[in-house]
Ligand code: ADP
């Protein structure tokens, strides 16, 4: 078990590709932190720098009390699970799981065997130990790769999209298993994925990256309810948040689709925190609700397309030719082409400065962590 710290870490490839820029983060001992972002945002580079598989251009990576920048991968006390599992095809499962441990420890064969069997049991593969990887399913291979990491009993687990080669059902199942294992072992875990849903369901905290830059760090609830900026608001949540260009005029947000009266308190706050009158109003599909036509901020809409998703329904609405999405659970009485009025509550609304992309409704969003002040500012 160990803390992990990134201090102003930067990675430049080929002199001009900045993959990670001035990244700082403190990960607590035993925490499960997920790094999420679109393809090319620098997630794997961060993890690989922590693993020792990639050099660090500047800044410091610290595991426990040790700056590990110049420590080779095999001496970092981390165990990594890769997307493609990286199992040796000619070795049995038992050998795959014990090989690394035999190389890096002076445990006796009996002790190694005991650890392998314990980990295999934990992963439910105790019957597969004498098989070769090729005769196992993708899910079983994934378990072997995870089991191999567990056997090492490392200070930190590193996981690079470990579930992305599995089908949706197995992926959902393995998410729960990985959480259970992490709960049991309490090993600090840094997990990388491009899948925001995976990040939200598994992690103590989520780290959102875009183009090598940290966008926000917070609990799943924080990044969902209080996205720091447009990027996070758009990236987190499915279906995505609706966005409308609006201008603030008095206590009113005026847009092409509709206008919305806000309280003077919110209007004041928006004026204080935005650079101009040009704003973007954001509302999540699940926060759009039916309204009486006479009520305040009623928005007349037409149901353009209805997409049922199990018990869930996505309504693709049109208001003055501008499209947006409403999400409602359970039964309803509407058909495509129907007209009705919708609205949303002021406290569910997000307002972004169009110029900076910053969410002006969020109080002191988790600041970009500064190692010097981290313990004072970090939310848990
Ligand atoms: P992610 O894991 O989020 O998909 P990566 O960390 O793989 O992102 O990549 C971040 C950026 O660094 C991308 O622009 C990618 O093209 C670049 N990059 C990654 N690895 C290398 C490399 N070995 N050489 C040059 N550029 C690289």
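Values quoted throughout were computed directly from the atomic coordinates according to the rules given, and no laboratory measurement underlies them. Please read all numbers here as calculations on a predicted model, not as lab measurements. Ideal geometry is used to build each Cβ from the backbone, glycine not excepted, and the neighbour counts take in all protein chains shown.
According to the Kirkwood relation over distinct C-alpha pairs, the hydrodynamic radius of region 1-142 is 17.2 Å. Give me the angle, in degrees from 0 to 90, between the Cα long axis of helix 264-273 and the longest principal axis of the Cα atoms of the chain, rounded to the nearest 10. So the helix axis and the longest Cα principal axis differ by about 60 degrees. Taking a point 7 Å out from the Cα of residue 17 in the direction of its Cβ, the residues of region 45-73 whose backbone N falls within less than 18 Å of it are 45-50, 53-58. Annotation: region 229-376 has a Kirkwood hydrodynamic radius of 16.5 angstrom, from the mean reciprocal C-alpha pair distance. Extension gain, residue 332 to residue 131, is 67.1 nm, computed as 0.36 nm per intervening residue step minus the present C-alpha separation. Stokes-Einstein diffusion for the chain, with the hydrodynamic radius set to the Kirkwood value over Cα pairs and evaluated at 20 °C in a medium of 1.002 mPa s, equals 93 µm²/s. From least to most packed, judged by other beta carbons within 10 angstrom and beginning with the fewest, 144, 266 follow the order 266, 144.
Counting neighbouring beta carbons within 10 Å and listing from fewest to most, the residues 213, 111 come out as 111, 213. P(r) tail, region 126-270: Cα-Cα pairs separated by more than 20 Å, 62% of all pairs.
With a Förster radius of 41 Å applied to the C-beta separation of residue 28 and residue 309, the computed FRET efficiency comes to 0.65. Once the C-beta distance of residue 103 and residue 355 is scaled by a Förster radius of 51 Å, the resulting FRET efficiency is 0.40 to the nearest 0.05. Given R0 = 35 Å, the distance between the Cβ atoms of residue 82 and residue 110 translates into a calculated FRET efficiency of 0.75. The fewest-to-most ranking of 82, 315 by surrounding Cβ atoms within 10 Å reads 82, 315. Between residue 170 and residue 185, the contour length at 0.36 nm per residue exceeds the Cα-Cα span by 3.2 nm. Calculated on the alpha-carbon coordinates, the convex hull of region 83-155 measures out at 87 cubic angstrom per residue.
Summary of the geometry: region 51-130 and region 287-303, compared by the centres of their Cα atoms, lie 56 Å apart. The alpha carbons of region 260-308 occupy a box of 41, 24, 16 Å along the principal axes, longest dimension given first. Both radii come from the Cα set of region 74-123: Rg as radius of gyration, Rh as Kirkwood radius; their ratio Rg/Rh reads 0.95.
With both labels modelled 7 Å from their Cα along Cα-to-Cβ, the residue 298 to residue 264 distance reads 2.7 nm.
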